[in-house]
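The values are calculated or read from the model by the stated rules, or taken from the named source; none is laboratory data. Please read all numbers here as calculations on a predicted model, not as lab measurements. Glycine gets a Cβ as well: all are built from the backbone with ideal geometry, and neighbour counts include every protein chain shown. Quick note on the areas: whole protein, heavy atoms, side chains included, nothing else; ligands and nucleic acids left out. Shrake-Rupley method; radii C 1.70, N 1.55, O 1.52, S 1.80 Å.
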Amino acid sequence: MKIVTLKPRHDRPIRLRHPWVFSGAVATVSREPAPGETVLVADAEGAPLGVGAWSPTSQIRVRMWRFDDGAVDEAFFAGRVAKALAVRAGMAERFGTDALRLVNAEADGLPGVTVDRYGETLVGQFSTAGAERNKAALVAALMEQTGARTFYERSDMDGRGYEGLPPAVGLLAGEEPPERIVIHEGEARFGVDVRGGHKTGFYLDQRDNRRLVAEEARGRTVLNAFCYTGGFGVAAQLAGAAAVTHVDISGPALGQARANTALNALPEAGAEFIQGNVFQELRAFRDRARRFGLVVLDPPKFAASKRELEKAKRGYKDINLLGIKLLEPGGILATFSCSGALSPADFRAAVTAAARDAGRTVRILRELRQAPDHVEALTFPEGLYLKGLLCHVE
Ligand code: SAH
């Protein structure tokens, strides 16, 4: 195995089991490894720290597979997959669903590997050189251990570019997935398009939050801003919301929100679908003095990296200011950020600033997180990306 030797005093994160070696921590490499090749990482004195995958073009030069000098082979990947499945044992039944995140990258000891299950179909994203190089072993282990019928790849996320990898999309094992997979979540049904949908097809990370929003929805008029395929609004309408207004910039997403409304046999009259820019549409509601009893704000990532943080904070403040202003007295705000670069404290500060400018008293009923199948490792705080606040607005 080729050896990556760290600079003096740069071994601490790895000893604390954080899985990333940044380029600035690398002193020498014994011979140039191939992209994704398994390398031995050693401290400045040559003592082995573990083995990881080499990424020649990324700032994260090595992602650790393990923190000892054991083998990284088919049996290793089968073992990691088995652990990931064991962590989630019984979750699908408890959550009343057939759709679950099965592998959550670093948090499952598999950097670069994300796998979601939608019924009989597995959908994977392989975002790093190491994940790409070991794809066959991972797919084989997942197909065998889950008994799934299909493994479809959706490695078309931005991150592949930093790794020097082109996007890769298509069937990896089994039969072609259906055009629309219908998953269930409690009594709700959602259609998932694994070929064209966002990420692997659906926002499974919002599962708990859909339930918590639904619990607040009875009798309220709901604004589902950034609705995508309608998840929050459908859950709210099923729970007895008086009416739901879905807003998204994407016509196809709204088409699927409409289809999901029909799939749940919800009255068309109770749902409204508006295609437009949320920032403009919410201003238009404000100008017409239109009000809602519950506002959901689930925008796309405003900060892709730390560099965009200040701009993103302003974006979160602006959107929350608009949302808060639209709430009736005693209304409920469910507001989210999926920017990993933004800390929960920064997000809370943005909502606080918005409440202050709106002149409203806002109380937090709950702090929200990604659903527990999107596990977070204590040693990898970067894995917490989705945070939200469920608030009462006076
Ligand atoms: N709430 C959704 C996920 C939202 S993803 C769910 O639970 O499934 C973010 C969505 O915001 C995408 O559907 C995207 O089309 C939409 N979007 C992004 N920018 C927008 C804008 N400025 N105005 C309206 N929609 C926008």
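Among residues of the stretch 36-53 that are more than 18 Å from Pro8 (Cα to Cα), those with a beta-carbon under 7 Å from a residue that is basic (Lys, Arg) and open to solvent by less than 30 Å² (accessible area, probe 1.4 Å) at least six positions away or on a different chain give the pairs Gly52/Arg63; Ala53/Arg63.
When the stretch 249-287 is filtered for residues that are acidic (Asp, Glu) and in contact (Cβ under 8 Å) with a residue 12 or more places away in the chain, the ones remaining, listed by number, are Glu272, Glu281.
May I ask you to verify whether Thr146 is hydroxyl-bearing (Ser, Thr, Tyr) and surrounded by fewer than 21 Cβ atoms within 10 Å (Cβ to Cβ)? Against the criterion (hydroxyl-bearing (Ser, Thr, Tyr) and surrounded by fewer than 21 Cβ atoms within 10 Å (Cβ to Cβ)), Thr146 qualifies. Checking each residue in the stretch 288-306 for being open to solvent by 10 Å² or more (accessible area, probe 1.4 Å) and touching a residue at least 24 places away in the same chain (Cβ under 8 Å) picks out Arg290, Arg291, Asp298, Pro300, Lys301, Phe302, Ala304, Ser305, Lys306. Scanning the stretch 247-267 for residues that are more than 9 Å from the ligand (Cβ to nearest atom) and farther than 21 Å from Arg180 by Cα gives a single hit, Pro267. I'd like the full set of residues that are surrounded by 20 or more Cβ atoms within 10 Å (Cβ to Cβ) and more than 13 Å from the ligand (Cβ to nearest atom), limited to the stretch 322-343. Listed by number, the residues that qualify are Ile324, Leu326, Leu327, Gly331, Ile332, Leu333, Leu342. Inside the stretch 172-219, residues that are away from the ligand (no atom under 14 Å from the Cβ), crowded, with 16+ Cβ neighbours inside 10 Å and at positive phi make up a count of 1.
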